[in-house]
Amino acid sequence: MKTVFLILILLPVFIFPETYYVSNSGNNNNSGLYPDSAFETLQYVGDLVIAGDTVLVINGDYIGFDMRTSGTQTQPIVFKTLGDSGRITVNNPITDDGINIENCDWIVIDGFNIINMPRAGIRGAVAQHITIRNNICDNNYRWGIFTGFADYAIIENNICFNTQDEHGIYFSNSADYPTIRYNVSYNNNSCGIHMNGDASMGGDGLITGAIVEGNIIYNNGNAGGSGINCDGVAESYIFNNLLYNNHSSGISLYRIDASAGSYNTKVFNNTIIQADDARWCININTNSTGDTLYNNIFLTLHSYRGSISIDASSAVNFCSDYNIVMDRMSNDWGNSVISLTQWQALGYDQHSHIADPFDSIFVNFWGNDYHLKDLSQPIDIGTSLVNSIVQVDLDSNPRPIGSGYDIGCYEYLSSSVEENLDFQSGYYKVYYEKNYLVFENLGVNDFIRIYDLSGRMLHSSSSIIGNKYIWNSTNSVNNIYFYIISNSGISNPSKVFSGKIIMF
C-alpha cells in the first residue's frame, strides 16, 4: 500500500488598500470602486474600510458617519471630498456630531462642509494621530471641531464659524503635541481656539508641545473666552497668528481645570487688535510661569484696558520684550494699570515701543488689512531670538526680509514686491490676467483657497486637472486677495505656499 503525504504550503494573504466612492446617486449594493458604481452612504463605507483605504466623496448632501476602525502610520484611512460641495447636513447615526472619530487612530478627514450639527461638526475622541484638514464647519451648536484625548492631532486649513454655544476649535483633555495651524475661526460665541488640560477627566491634566501657528481669529467671544484660550498649555508655541475684533481676551495663559498653569510657553510674532468691548490683549495668571513674549503687536480699542496683564504668581521667569504695545500694562491681573515706563522698571519690555497711530502701522487698519505699511513702526525692530521657531510669516514669506525681524504676524514687503503680478515662488507661478487669477506649476494633490482682507474664504478649488488652475475674480468687489496653496497628499500634509496679490 502506498502512503500519500499531503504537504500544505501556507502562503501569506495580502490585502491591498482600496479606493471607494460615495455618491448621493449611489447604492450600498454597488461595489463602490468607481464613481458610476459608488456607495450611497458614508456610514456604510465607514463600517467597511480598513487600514490604507481611501474614501472619495462626490458633491452632494449626506448624513454623517461614525468611525471606529484604525489606520496605521503608513496606511491611514482617508475620507476626502472630490469637490467643494460635499456637505454633511444630518448628524451621524451614533452621536450628535457630523463626523465622529472614536477609539481609533490614523484617520484623515479632508474637505467636508458640515453645518447645523446638534453638537460638533467634527469630533475626535480617544483617537491618536488624526488629521482634520480643509473642512468648513458652520453654525454647529456646541463646537466646530472638538477633540478629547487626541495626542498628535493635526487641525489645519479649516474654517470654523457661527458656533452657537462655545468654540470654533476645542482641543481638550490630557492630550499632547497638537498642531493647530492655518485655520480661520470667527463669529463663534466663545473662543476661536480653546485648549484645556481637564485634570478632572484623567491623565496628567496638561497639554504639552502644542504648536498654534498662522491662524486668523476674529469676532469671537461675545459669551467670554479668548481668541486663543490656554488652560494648562505648557511648553508650547503660539506664533504668527492674527487676532482682531474679538470681544473677550486675546491670548490667555492660565489654569482653571488643568493640573498646572500654562508655563514655559513661547508667544512670538502675533498681531492682536482687541475690540472696544474686549479684555486685555494677553492675560497670564494662576502660576503660569516662565512664559516668553517676543515680537508681538498688542493693541486695543478699549478705553482703559491694555496690552499685557500678569499676576504675581506668574511672574517667575516671565520674559517680555521687543513688542509694540499700548501705554497700559498690569502686574496685578488687570486690577490696576501702569505705564510702559513703570512696567519697564520691573525689568520687562526694555526694547518695546508704544504704538504709533494704528492707521500709520497697517496698510488698512479700519479695513482689516494688518499687513505693514511702508515705513511702518514695527519694521526691522524685532529680535532674532525667535529664529529657531519663526522662520516665515503668516503669508509664508521668509523671515527676516531686510535688516531685522519685523514685529507682528506679517513681515513687511515693499510695494514693488507686493504689486508684482507675475510672481514665481521657485515652485508655483501666480499671476493676474484680465480678471483671472492664474496658478501654474501645480501638482495633482494641490488645493487652492482664496480669501478676502478679513480672512473670509471667497473660493476653494475642486480637483486640479493638469498643472494650471484659473479663478475668475469678476464678481469680487475687492482688489486685494490672499491665497493658500495646500498639498493634500498623505506624504506631505502641509501648507506649501501662500501670498498676497493686488489686482488692478
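The values are calculated or read from the model by the stated rules, or taken from the named source; none is laboratory data. Computed from a predicted model, the values in this text were never measured in an experiment. All Cβ positions, even for glycine, are placed from backbone atoms using ideal geometry, and neighbour counts span all protein chains on display.
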- Can residue 193 be described as touching a strand residue (DSSP E or B) at 6+ places or on another chain (Cβ under 9 Å), modelled with pLDDT of 95 or more, of a type in the set (A, V, I, L, M, F, W, C) and assigned by TED's automatic domain parsing to the domain that holds residue 254? yes
- Restricting the search to the range 113-137, which residues are within 16 Å of residue 49 (Cβ to Cβ) and either modelled with pLDDT under 95 or crowded, with 24+ Cβ neighbours inside 10 Å (or both)? 127, 130
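Is there a residue being over 18 Å from the mean Cα position of the chain (by Cα) and either under 25 Å from residue 232 (Cβ atoms) or charged (D, E, K, R) (or both) anywhere in the range 180-196?
No.
For (1) assigned to a helix (DSSP H, G or I); (2) in contact with an Asp or Glu (Cβ under 6 Å, 6 or more places away or on another chain); (3) among the basic types (Lys, Arg); (4) at negative phi, each residue gets a yes or a no:
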residue	(1), (2), (3), (4)
283	no, no, no, yes
342	yes, no, no, yes
349	no, yes, no, no
360	yes, no, no, yes
374	no, no, no, yes
- Task: Please specify each residue of the range 225-238 satisfying the condition of being outside any loop (DSSP other than H, G, I, E, B), surrounded by 24 or more Cβ atoms within 10 Å (Cβ to Cβ) and not aliphatic (A, V, I, L, M).
- Result: 226, 227, 229, 230, 231
- Item | Restricting the range 433-461 to residues that are at pLDDT below 70 and part of a strand (DSSP E or B), the residue that is farthest from residue 215 (Cα to Cα) | 433
- Task: Mind telling me which of the residues 200, 185, 252 ends up being surrounded by fewer than 20 Cβ atoms within 10 Å (Cβ to Cβ) and either touching a helix residue (DSSP H, G or I) at 6+ places or on another chain (Cβ under 6 Å) or not in a loop (DSSP other than H, G, I, E, B) (or both)?
- Result: 200
- Query: Can you find even one residue in the range 313-328 that is touching a helix residue (DSSP H, G or I) at 6+ places or on another chain (Cβ under 6 Å), crowded, with 21+ Cβ neighbours inside 10 Å and either without any contact (Cβ under 8 Å) to a residue 40 or more places away in the chain or not in a loop (DSSP other than H, G, I, E, B) (or both)?
  - Reply: no
- Query: Could we say that residue 208 is within 24 Å of residue 160 (Cα to Cα), surrounded by fewer than 24 Cβ atoms within 10 Å (Cβ to Cβ) and not small (Gly, Ala, Ser) here?
  - Reply: yes
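Yes/no per residue for (1) outside the structural domain of residue 237 (by TED's automatic domain parsing); (2) among the aliphatic types (A, V, I, L, M):
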position	(1), (2)
135	yes, no
138	yes, no
142	yes, no
145	yes, yes
161	yes, no
170	no, no
175	no, yes
180	no, yes
